[in-house]
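*Asks:* One structure coming up, written as structure tokens, with questions to follow.
Since every read-out is calculated from the coordinates, none of them should be taken as a lab result. Everything numeric here is computed off the predicted structure, so don't read it as measured data. No Cβ is skipped: glycine too gets one built from the backbone with ideal geometry, and neighbour counts run over all protein chains shown.
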Amino acid sequence: MAATEIFARGSEMARAVMQDWLAYAPFANLLVRSPSGTLETTVGIAVESDTFERIRAANNSPRLADVPPDQDAKEFELEFPGGVRLDVLTTRHSGGPGAIARFLVKIGEGIQQIEINVTDVDRATEILRIRFALEPVYPATRAGADGTRVNFFLAPAPQGKKVLIELVENS
């Protein structure tokens, strides 16, 4: 139940940010959908290292993703019925320089990012930059976990907040 609630909260955050994006056909056509037609979305939650190990052990020690070393992160994915997918993330080095370590220091444990699967991350990035005047976190697509290609957008959300959206292209 907790995974479903976390996933629902993260998905709602993404919908609020992406409403205009989804209405723009050139962007919407790049989104990967499940056979039922829903967006392939994964909610990334950042947790402290001890929490990471407890969640992993409680879920039969799922395989750790192959994360590029420069990202200072460890992660694994959990899948549940109904298309609920969570990436559990932590830092490789407590207090390290990576995005997850900075998030944990600033915000604490919680939803860190919403991952949206796309067929072409470069084209999706170009559309968000040109059509929606959003600058990506990285000037160019970069390597992500398990050989994916990724880029990130810190997108404005209701109440003046921001949501980190990760565009993910599986190779």
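*Asks:* Can you compute the radius of gyration and Dmax for segment 1-71, using only the Cα atoms, both in Å?
*Replies:* Just the Cα atoms of segment 1-71 yield Rg and Dmax of 15.7, 43 Å.
*Asks:* Counting Lys +1, Arg +1, Asp -1, Glu -1, what net charge surrounds PRO158 among other residues with beta carbon under 14 Å of its beta carbon?
*Replies:* +2
*Asks:* May I ask which residue of VAL105, GLY83, PRO35 lies farthest towards the positive end of the charge dipole of the chain, with charges of +1 (Lys, Arg) and -1 (Asp, Glu) on Cβ and the Cα centre as origin?
*Replies:* VAL105
*Asks:* Same structure, new question: Go through segment 5-111 and name the chymotrypsin sites (Phe, Trp or Tyr not before Pro) that are in a DSSP coil and have 15 or fewer other Cβ atoms within 10 Å of their Cβ.
*Replies:* Passing both the DSSP loop test and the Cβ count: TYR24.
*Asks:* Pulled fully out, how much extra length does the chain show between GLU40 and ASN60, if you take 0.36 nm times their separation in residues and subtract their Cα-Cα distance?
*Replies:* Full-extension gain reported as 4.8 nm.
*Asks:* Between LEU154 and ASP120, what's the calculated FRET efficiency when r is the beta-carbon distance and R0 is 25 Å? Round to 0.05.
*Replies:* Using R0 = 25 Å, I get an efficiency of 0.75.
*Asks:* Looking at the chain as a GNM with Cα springs under 10 Å, which of VAL121, VAL105, VAL67 has the largest mean-square fluctuation?
*Replies:* VAL105
*Asks:* Something else about it: Suppose R0 equals 35 Å; then what is the FRET efficiency for SER171 and THR4 from their Cβ-Cβ distance, rounded to the nearest 0.05?
*Replies:* That pair, SER171 with THR4, gives E of 0.75.
*Asks:* If I take all pairs of Cα atoms in segment 2-169, what percentage of them are more than 22 Å from each other?
*Replies:* Tail of the P(r) past 22 Å holds 41 percent of the pairs.
*Asks:* Moving on to the next point. Using +1 on the beta carbon of Lys and Arg, -1 on that of Asp and Glu, and nothing else charged, what's the dipole of segment 2-169 about the Cα centre, debye to 20?
*Replies:* That gives a dipole near 320 debye.
*Asks:* Show that you can apply the helix-only estimate: for the chain, add -39,500 (n - 2.57) for every DSSP H stretch of four or more residues, divide by all residues, and state [θ] at 222 nm to the nearest 500.
*Replies:* Only helices count here, giving -9500 deg cm²/dmol.
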